[in-house]
Amino acid sequence: MCGIVGLVSQVPVNQTIYDSLLLLQHRGQDAAGIVTQQERKFFMHKAKGMVKDVFRTRNMRALPGNCGLGQVRYPTAGNAFSEEEAQPFYVNAPFGIVLVHNGNLTNAQHLKLELFHNDHRHINTESDSEVLINVLADELEKSTRGKTFTTEGVFAAVRQVHKRIRGSYAVIALIAGYGVLAFRDPFGIRPLCMGRNQAQSVMLASESVVLEGTGHAYERDIAPGEAVFASLDGQVSAQQCAEHPSLHPCIFEYVYLARPDSVMDGISVNQARLNLGEALARRVISTVPPSEIDVVIPIPESSRPSATQLAQLLGLTYREGFVKNRYVGRTFIMPGQAIRKRSVRQKLNVIASEFKDRNVLLVDDSIVRGTTSQEIVQMARDAGARKVYLASAAPPVRYPNVYGIDMPTVGELVAHGRTVEEIRQIIGCDALIYQDVDGMKEAIGSLNPQVQGFDASCFDGVYVTGDIQAEDIARMNAHRVKGEELDSDTSRLALPNQQED
């Protein structure tokens, strides 16, 4: 999962792209990068770290020009600690292209061999985004060979890209001297939208909150399979480039990934979470009588809308019982030291008075490995809770995600191959209530009838691209993001959160 932005303007764009990346920081905290163009020359700075740490005044001064791209990275493939895999990526032919990508290609290894043997292109990293830019460059070279540059040639290249690559991808590319190209996979799995400001600057971004936060009026989402080209003078052309597009966005965007103040594919993220809370309330009633619950407490942060709606519908008291420490530093492993797993208690502190002598219903957005839930339940007991019930606004996560979310392998998922009662025993709560898959889809899908379905593969095991088998998942797990540090934090709270910008 990453956050991407592209901007064509008549004034310098470096500050606006920087501000946009701050608004997208929840989508990736591993690395950040910006590229701008001035007189056909690209200027780029990218590095590991948070946006505020990657870019200093001297870096911003070295990014002139009126158009550019930016990306924040949360790696799901390749090497998390490689500076080379920070985006944007660059190829010098044809024309000169820089590209940012959000998503995950499911056939990247096959394409890498194809690029080498057939197209004579060298891939220097393990990043699927480098594969993608080379496929785009190869098809753009074929469609424009011996011809002048036209948008039709660009769209012809995108049509061929759709035929070659598989998986999820929202892409923004800057073609030197011509403009910005954006396109989305035929299922619209990963989000991408467009807007303008009063000066007719054209912005493309992962979430609508970026448009609003930088003074651009939201116009529309890029349709699945569609390509949009914004020329340097702000003229926009668009064309459907996929043969059989259908809108199946990733449902986990609404459950957890996106900011609550964003609207994606016509669905308010905040309203989606309120609806999930309403559906979850009905599930709670069937498991635990509301009269046995003294207080509803959310597990920070993105479960709050669901928890508040649930509490209101059931007529229960809502309280904040956890305080999140936003400034936990990294764990340093020195030679000779044992590997030390980061405890949830370093990131959350309980307000004991909200738990003491009460039957508490904890509400989380989802449960992945279960280790964090286990520790939080114990924290509630240690604070004096009589009984601890746990409700998840999402169904059990039983399957790995292959479309750009760094879900664990099957063996690490607490719900895989287990009943709800077996999961409850592992977590240690007095009752465990999950959302059901159909209820989740209905709660969110009802907000926009034009959505034809969702990628809910981590919940139902159905992969919308139709090309994923067990052996594919095993192969992709082998190429999951690799690191070189031993203190990796794999708890639920280690995922980026939209409230921490």
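Among all positions in region 45-53, there is at least one residue which is touching a Gly at 6+ places or on another chain (Cβ under 7 Å) and in contact (Cβ under 8 Å) with a residue 24 or more places away in the chain.
Taking the numbered list (1) of a type in the set (G, A, S); (2) surrounded by 22 or more Cβ atoms within 10 Å (Cβ to Cβ); (3) modelled with pLDDT of 95 or more in turn, G96 passes all entries but (2).
Condition check ((1) assigned to a strand (DSSP E or B); (2) surrounded by fewer than 24 Cβ atoms within 10 Å (Cβ to Cβ); (3) among the aliphatic types (A, V, I, L, M); (4) free of Cβ contacts under 8 Å to residues at least 60 places away in the same chain) across all residues:
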residue: L140; (1), (2), (3), (4): no, no, yes, yes
residue: K147; (1), (2), (3), (4): no, yes, no, yes
residue: A156; (1), (2), (3), (4): no, yes, yes, yes
residue: V171; (1), (2), (3), (4): yes, no, yes, no
residue: G195; (1), (2), (3), (4): yes, yes, no, yes
residue: Q200; (1), (2), (3), (4): no, yes, no, no
residue: L204; (1), (2), (3), (4): yes, no, yes, no
residue: V228; (1), (2), (3), (4): yes, no, yes, yes
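Restricting to region 206-226, count the residues that are in contact with a Pro (Cβ under 8 Å, 6 or more places away or on another chain), among the acidic types (D, E) and outside any strand (DSSP E or B).
So in region 206-226, the residues in contact with a Pro (Cβ under 8 Å, 6 or more places away or on another chain) come out as 206-207, 221, 223-226.
Next, from what is left, pick out any that are among the acidic types (D, E): 207, 221, 226.
Applying the additional criterion that residues be outside any strand (DSSP E or B) yields 207.
Result for region 206-226: 1.
Tell me the residue from V263, V288 that is touching a strand residue (DSSP E or B) at 6+ places or on another chain (Cβ under 9 Å), surrounded by fewer than 24 Cβ atoms within 10 Å (Cβ to Cβ), in contact (Cβ under 8 Å) with a residue 40 or more places away in the chain and not assigned by TED's automatic domain parsing to the domain that holds T372, please.
On the way: V288 fails: not assigned by TED's automatic domain parsing to the domain that holds T372.
Checking each option against the conditions leaves just V263.
Residues in region 192-208 that are under 18 Å from the mean Cα position of the chain (by Cα) and over 10 Å from I4 (Cα atoms): C193, M194, S208. Just one of the numbered conditions (1) in contact with a helix residue (DSSP H, G or I) (Cβ under 9 Å, 6 or more places away or on another chain); (2) within 21 Å of A86 (Cα to Cα) is not true of I133: (1).
Residue under question is T16, and the condition is that it be assigned to a helix (DSSP H, G or I), of a type in the set (S, T, N, Q) and crowded, with 20+ Cβ neighbours inside 10 Å; does it hold? Let's see the steps before the verdict.
Values: assigned to a helix (DSSP H, G or I): yes; of a type in the set (S, T, N, Q): yes; crowded, with 20+ Cβ neighbours inside 10 Å: yes.
Judged against the criteria, T16 is a match.
The values are calculated or read from the model by the stated rules, or taken from the named source; none is laboratory data. Predicted model only: the values in this text are computed from it and were never measured. Here the Cβ is made from the backbone with ideal geometry for all residues, glycine too, and neighbour counts use every protein chain on show.
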